[in-house]
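Worksheet: one structure, shown below.
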Amino acid sequence: VGHATLATGADPSRHGIVANDWIDQKTGESVYNTEDDRHHIIDSKPKPHEGVSPRNLLATTIGDELVVGNGGQSRVFSVSVKDRGAILPGGHVGKAFWFSKSSGRFVTSTYYYDDYPEWVKQWNAAKPADRYKGKTWDLLHDCSSYIAGNIDDRPYEAAFAELGRTFPHALGDGSAKYFYLILTLTPMGDELTLDFAKTLIENEKVGQGNATDYLAISFSSTDYIGHLFGPSSLETEDNILRLDRLLTELFQYVDQKIGLDKTLIVLSADHGAPEAPEYMAEHGMETGRFPLDWFKKGSPLSDALKKRFGRDDLVAVHSHPYLYLDLGAIENAKLDIEEVERFVAAELMKVAGIAYAMTRSDLLAGRITESPVQNQIRRSFHPTRSGNIHMVPEHYWFLHSTEEAEKMGIEKIAAIHGSPWKYDTYVPIFFAGNGVSTQTISRPVGPQDIAATIAAYLEIKPPSGSVGVPLVEVLEK
């Protein structure tokens, strides 16, 4: 969601990426945000639900508008260890590459190319990811110099495969099924991303033509590390120190190849992050982990539905932040969808850990107040992709399905984002280079303002769904 907003300047209600996954109301099937069966991964056998493209993104990006505005003279590239972290920022006209957690290569789909460029083939053939076999993730500095130096081993942190829960973290010898995945869960994922991005800049001669080029790089290992260990963990602290060095290396490389005086740097994040609920409980907050079996058959909710409507099969699935109802079961029972939604929402708000539960029917009818949280929910709502009930956890409560983690043998993850509270919406916005003056601004702005600012800076039309406002301080050269 955040990647799409950064690229388009739009809210989910306009760009359509309402979650990592949503339920198709016509088919009842789960849809991944960049899923497109028409375009498979190059050199991979086409499989259902494994093709990808940016076509689920309903709005244009700033890169799209740059290319459209000058008749295709500009070029757009995007790189990340995550497919969605590359595909969404790359937009509809860009070329996106991402790291394969199964092969250790950077890949792309047939939406972008018929075959890999020669330089990509050479990078993959050199197998840079394999240099980490038998290595460990060690602390960059002496442990005593870290703020979190004495809290390395916390029971609510995740211990995945060889990686473990404490330093030094073993990366494995390469024989395990999850070796390349493990690399993305460490700073090594960002190191590989930078190496590939530098190779792209060199071979595609980014920024060295007559028109402005656009390069999006998503350093996404910070996200994975925050999920596994939490924002206040020793792992996150070491990762941020390492990321700072990677950014320095990137900027120095761009300066050598292109010149920072010819480059506008924009740095932000696709979301913030909460602390682990157990960590906040240690500091006096009443928090917890919402019991996700509450939505399943035989749960208090299904018992309440049985008592009220005579059916206990009216809930289809929970996919954060939505609860989807079984529309077929509701229709067969000749029940009123609005009545069922209101009942489920009312039951939800009786449960500890749930702050808000808003129904799709109320949002469609405009039955909301002017409260900040309800306005945030409205901005996230898309009429054909959002679920029947939008749930908001209480502050620092964990409300998210961990089925994907459980498939990999991870019993729990430390922290999850996806709420409207300040810790999840507090991100940096950083502009530098090419005449931008040095200053620190402290006033409320939003990630949606970035695309509008770049558009004004480049004197081009904002993306089609943009709701942002140009940040005047950046434009005052």
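The values are calculated or read from the model by the stated rules, or taken from the named source; none is laboratory data. Because the structure is predicted, anything quoted here is derived from the model rather than measured. Positions of Cβ are generated from backbone atoms using ideal geometry, with glycine treated the same way; all protein chains shown enter the neighbour counts. Note: accessible area is taken over every heavy atom of the protein model, side chains too, but ligands, DNA and RNA are not part of it. Shrake-Rupley method; radii C 1.70, N 1.55, O 1.52, S 1.80 Å.
Just flag the chymotrypsin sites (Phe, Trp or Tyr not before Pro) in region 307-415 sitting in loop per DSSP whose Cβ has no more than 12 other Cβ atoms within 10 Å. When the chymotrypsin sites (Phe, Trp or Tyr not before Pro) of region 307-415 are filtered for loop state and at most 12 Cβ neighbours within 10 Å, nothing remains.
For the chain, the membrane-span-like helix rule (DSSP H, alpha carbon extent of at least 15 Å along the helix axis, mean Kyte-Doolittle at least -1.0) picks out 187-204, 234-257, 337-348, 448-458; this says nothing about an actual membrane. Note on the chain: the alpha carbon radius of gyration divided by the globular reference 2.2 N^0.38 Å gives 1.00. Extension gain for the segment Ser175 to Ala432, taken as residue separation times 0.36 nm less the Cα-Cα distance, is 88.2 nm to one decimal. Of the residues Glu338, Glu235, the one with the largest accessible area comes first in the ranking Glu338, Glu235, computed with a 1.4 Å probe on protein heavy atoms.
Sorting 453-463, 161-171, 53-63, 202-212 by average packing, meaning the other beta carbons within 10 Å per residue, from highest down gives 53-63, 453-463, 161-171, 202-212. Taking amide hydrogens as placed 1.01 Å from N in the peptide plane, the amide H of Lys133 sits under 5 Å from that of no residue at least 5 positions away in sequence or on another chain. Under Stokes-Einstein, with the Kirkwood radius over Cα pairs as Rh, the value for region 228-315 at 10 °C and 1.306 mPa s is 88 µm²/s. Of the whole protein surface, Val469 contributes about 90 Å² of accessible area at a 1.4 Å probe radius.
Centroid-to-centroid, using Cα positions, region 124-192 and region 338-360 are 41 Å apart. Considering all different alpha carbon pairs of region 306-423, the Kirkwood hydrodynamic radius works out to 15.4 Å.
Once divided by 2.2 N^0.38 Å, the Cα radius of gyration of region 158-252 becomes 1.26.
Candidate cross-link partners of Lys177 among the lysines, defined by an alpha-carbon separation under 22 Å and a same-chain spacing of 8 or more, comprise Lys45, Lys47, Lys82, Lys101, Lys127, Lys133, Lys135, Lys407, Lys412.
In summary, the lysines within cross-link reach of Lys257, defined as a Cα separation below 23 angstrom excluding same-chain residues under 8 places away, comprise Lys95, Lys121, Lys198, Lys205.
Based on Cα contacts under 8 Å between residues 6+ apart, the chain shows a relative contact order of 20 percent. Using the Cβ-Cβ distance between Glu118 and Ile240 with R0 = 35 Å, the FRET efficiency computed as 1/(1 + (r/R0)^6) comes to roughly 0.45. In terms of Cα to Cα distance under 22 Å, which lysines are near enough to Lys350, apart from those fewer than 8 places away along the same chain? The reachable lysines, counting only those whose Cα sits under 22 Å from Lys350, are Lys296, Lys297, Lys306, Lys307.
Measuring how big region 307-347 is from its alpha-carbon positions, Rg and Dmax come out at 9.8, 27 Å. Residues Glu237, Glu29, sorted by accessible area with the largest first, give Glu29, Glu237 [1.4 Å probe; ligands and nucleic acids excluded].
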